[in-house]
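The values are calculated or read from the model by the stated rules, or taken from the named source; none is laboratory data. Predicted model only: the values in this text are computed from it and were never measured. Here the Cβ positions follow ideal geometry from the backbone for every residue, glycine too, while neighbour counts run over all protein chains shown.
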Amino acid sequence: MAELALDGGISPVGVTAPFPLFSREAVTELRREILSEEVLDKYTVSSYISAFQGREYPQHVAPFVHAAWTSPEVLAAVSDAAGIDLVPVMDLELGHVNYQLAQPGRDGFLNTPHEPWAQPSAPEDQRRRAQELADADKGEGATNVMFHHDSYPFVCVLMLSDCENMIGGETALRTGDGRIVKARGPSVGSCVVMQGRHISHAALRAYGVGERITMVTSFRARDPMVHDGSVLSTIHPVSKANRLNYQWSMYRLKLLSERFAVMASQLEKKKELLPADDDDDGRGGSEVVNVEEMSQWIDEQVSYLANTKMQLMQ
Ligand SMILES: [Fe+2]
């Protein structure tokens with residue numbers, strides 16, 4: 001974050017280099033589930049953010065995807081990279097898929113092989129031209145996804161296509177002092193972990209690939225006391241109110257109740273600091289509750305609760 005000239009955030013790690021997370025066999029299993037007729041027919045949506053996305057399917061029809069993103073090993077690897085212990089935000093954010101396929105349309109999806117296949121390289125002159133375009137791309141013109149902040153603190157973007165011959169397709173990050181830097185995209189089975197809520201970023205256009213499938217899971221700090229600036233602005237357009245409001249409310253109420261329990265037990269430990277007999281002004285001994293700190297903490301919880309209400313989907 002310091003290198004990006006950004007402050008705030010919940011970890012010193014802004015964005016990681018790509019690192020391997022899943023084997024080719026695991027990638028094939030993930031693809032088998034997200035390229036199934038059931039997921040493609042019942043769990044895909046399109047929005048201004050991405051033309052074709054798969055959402056909310058893992059708990060119903062993709063046990064491998066669900067198990068992958070809730071496994072302790074994967075959470076440990078992602079947390080280690082992020083520099084802070086993370087958990088998925090809510091079930092309905094597990095394994096969000098962005099599909100861009102060689103052969104568009106429903107039949108194109110169903111004909112896409114489950115095994116990630118090395119895509120042919122374009123002729124040399126086309127490659128050179130594409131490289132020029134990609135080098136010049138600063139994320140200001142046509143991009144796959146325009147500059148934005150994510151809705152949740154951290155994100156893990158996993159590549160499920162063999163993009164060896166891809167040109168461009170990086171993530172552009174806007175630094176605190178106005179520069180644009182490009183973060184290299186992951187190769188098949190690899191992922192990038194990014195603090196997307198706190199960094200303005202854009203997905204640059206990829207050249208020279210027909211197929212590009214990424215799987216995105218969003219995370220927040222496991223520790224309930226860590227700042228959580230989550231919102232749902234990019235989530236409303238791709239969600240059904242009923243399910244979203246239920247999971248959102250549950251996650252916020254559980255997190256708040258954990259916070260209150262931590263604060264209460266901290267106070268409980270200070271009990272012995274209370275004097276047995278108050279002196280004349282009733283303020284004997286050391287101050288057990290720091291009024292200024294407690295007031296600020298209460299204000300933070302009030303605004304967290306207000307934001308919980310504001311983000312409910314009408
Ligand atoms: Fe993003």
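Inspect all residues belonging to the range 9-17 and state whether any of them is part of a helix (DSSP H, G or I) and surrounded by 15 or more Cβ atoms within 10 Å (Cβ to Cβ).
no
Report whether or not V45 is in contact (Cβ under 8 Å) with a residue 12 or more places away in the chain, under 15 Å from L94 (Cα atoms) and aliphatic (A, V, I, L, M).
no
With respect to the numbered conditions (1) surrounded by fewer than 15 Cβ atoms within 10 Å (Cβ to Cβ); (2) touching a residue at least 60 places away in the same chain (Cβ under 8 Å); (3) under 19 Å from the mean Cα position of the chain (by Cα), which one is the sole condition not fulfilled by R24?
(3)
Suppose we filter the range 214-257 for residues that are within 16 Å of the ligand (Cβ to nearest atom) and either within 23 Å of V78 (Cα to Cα) or in the same structural domain as I298 (by TED's automatic domain parsing) (or both); how many remain?
13
Looking only at residues that are in contact (Cβ under 8 Å) with a residue 60 or more places away in the chain and part of a helix (DSSP H, G or I) in the range 287-314, which one is farthest from S257 (Cα to Cα)?
Filtering first and then ranking leaves N307.
Here is a yes/no grid of residues against (1) surrounded by 13 or more Cβ atoms within 10 Å (Cβ to Cβ); (2) modelled with pLDDT of 95 or more; (3) in contact with an Asp or Glu (Cβ under 9 Å, 6 or more places away or on another chain); (4) of a type in the set (A, V, I, L, M):
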residue	(1), (2), (3), (4)
D228	yes, yes, no, no
I235	yes, no, yes, yes
W248	yes, yes, no, no
K270	no, no, no, no
I298	no, yes, no, yes
S303	no, yes, no, no
Q311	yes, yes, no, no
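Quick check on this structure: which one of E93, E115, E73 is touching a residue at least 24 places away in the same chain (Cβ under 8 Å) and under 16 Å from C191 (Cβ atoms)? Show your work before the answer.
Numbers: E115 fails: under 16 Å from C191 (Cβ atoms); E73 fails: touching a residue at least 24 places away in the same chain (Cβ under 8 Å).
Just one listed residue meets the conditions, E93.
Tell me which residues, restricted to the range 137-195, are surrounded by fewer than 21 Cβ atoms within 10 Å (Cβ to Cβ), modelled with pLDDT under 90, among the polar types (S, T, N, Q) and within 14 Å of the ligand (Cβ to nearest atom).
Hits for the range 137-195 are T143, N144.
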